[in-house]
């Protein structure tokens with residue numbers, strides 16, 4: 001009988017790990033492989049737009065671990081000379097903390113999301129003041145795409161049909177720890193600012209979800225490639241995830257099943273996007 005001996009060199013170990021892979025959701029640097037299968041989307045206890053729970057069949061897909069950052073979007077602008085819709089229109093939606101309401105702010109765009117003479121967008125924060133059309137232009141340049149609403153929510157449910165209110169569980173602040181960049185206080189009257197962020201935060205400021213996704217609740221709403229109302233496929237696109245302007249008793253936006261609809265040419269200081277790589 002001939003015995004064959006293998007020498008476990010480092011290259012061999014690396015190759016073996018690639019061939020074997022691992023079970024469940026897998027990481028590919030800035031993307032996470034989300035399991036497919038039969039998925040349950042929606043809620044029996046949510047707002048009318050979330051009802052009822054529906055079943056869908058999904059193929060596996062790679063979802064970005066965090067929203068597109070200012071730095072990433074700037075690379076796109078510099079490579080293509082693309083002009084966003086906020087720049088074309090000359091104004092964009094900005095929430096005024098002083099007036100406690102939304103305003104159309106002249107000169108607000110992705111690099112100065114709160115308007116001229118305000119703080120410049122920070123490189124590792126999610127890009128905002130980008131419309132759905134702007135997001136599509138970015139994904140086409142990258143060779144990627146926006147997630148569908150079903151894909152986005154399935155990923156927020158950790159790829160396993162979890163029925164918890166948030167990606168991490170049912171408590172907004174487990175163990176007294178903030179898990180997302182959301183409004184702390186009574187919106188829009190006062191914000192206790194317990195986490196130190198009145199607006200956006202770094203995309204990796206808060207802990208990731210159990211499968212390694214950041215900002216699936218709070219920070220910025222995220223565009224999806226799905227229409228908000230099946231009966232009107234062109235007017236409104238679905239956004240998911242909530243933002244730094246959401247609080248539990250008002251917006252409800254950072255619950256996994258929450259959804260809102262926005263026109264595809266709208267640019268807002270609390271809305272960004274992440275991408276899918278098939």
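Just checking: which of the strands (runs of 3 or more DSSP E) contained wholly in the range 37-151 hold 1 or more residues that are within 16 Å of the chain's Cα centre (by Cα) and under 28 Å from residue 202 (Cβ atoms)?
Strands (runs of 3 or more DSSP E) meeting the threshold: 61-64.
Can you name every residue in the range 152-161 that is surrounded by 24 or more Cβ atoms within 10 Å (Cβ to Cβ) and part of a loop (DSSP other than H, G, I, E, B)?
159 - this is the single residue of the range 152-161 that is surrounded by 24 or more Cβ atoms within 10 Å (Cβ to Cβ) and part of a loop (DSSP other than H, G, I, E, B).
Which residue, of 224, 200, is under 18 Å from residue 148 (Cβ atoms) and modelled with pLDDT of 95 or more?
After applying the criteria, what remains is 224.
Residues in the range 94-102: is at least one exposed (fewer than 14 other Cβ atoms within 10 Å of the Cβ), within 17 Å of residue 262 (Cα to Cα) and in contact with a strand residue (DSSP E or B) (Cβ under 6 Å, 6 or more places away or on another chain)?
Scanning the range 94-102 turns up no residue that is exposed (fewer than 14 other Cβ atoms within 10 Å of the Cβ), within 17 Å of residue 262 (Cα to Cα) and in contact with a strand residue (DSSP E or B) (Cβ under 6 Å, 6 or more places away or on another chain).
Among the listed residues 86, 92, identify the single one that is modelled with pLDDT of 90 or more and in contact with a helix residue (DSSP H, G or I) (Cβ under 6 Å, 6 or more places away or on another chain).
Going through 86, 92 in turn, just one is modelled with pLDDT of 90 or more and in contact with a helix residue (DSSP H, G or I) (Cβ under 6 Å, 6 or more places away or on another chain): 92.
For the range 192-216: of the residues being surrounded by 19 or more Cβ atoms within 10 Å (Cβ to Cβ) and under 11 Å from residue 245 (Cα atoms), which is farthest from the chain's Cα centre (by Cα)?
Among them, the one singled out is 197.
Assigned to a loop (DSSP other than H, G, I, E, B), over 23 Å from residue 123 (Cβ atoms) and modelled with pLDDT of 95 or more, is that true of residue 248?
no
Would you confirm, using the coordinates I've provided, whether residue 226 is part of a loop (DSSP other than H, G, I, E, B) and touching a residue at least 40 places away in the same chain (Cβ under 8 Å)?
For residue 226, the condition - part of a loop (DSSP other than H, G, I, E, B) and touching a residue at least 40 places away in the same chain (Cβ under 8 Å) - is not met.
Of the residues that sit in the range 15-39 and are modelled with pLDDT of 95 or more and farther than 24 Å from residue 66 by Cβ, which one is surrounded by the most Cβ atoms within 10 Å (Cβ to Cβ)?
So the residue we want is 37.
The values are calculated or read from the model by the stated rules, or taken from the named source; none is laboratory data. These figures come from a predicted structure and were not determined experimentally. Because the Cβ atoms are built from the backbone with ideal geometry, glycine has one as well, and the counts that use them run over all protein chains shown.
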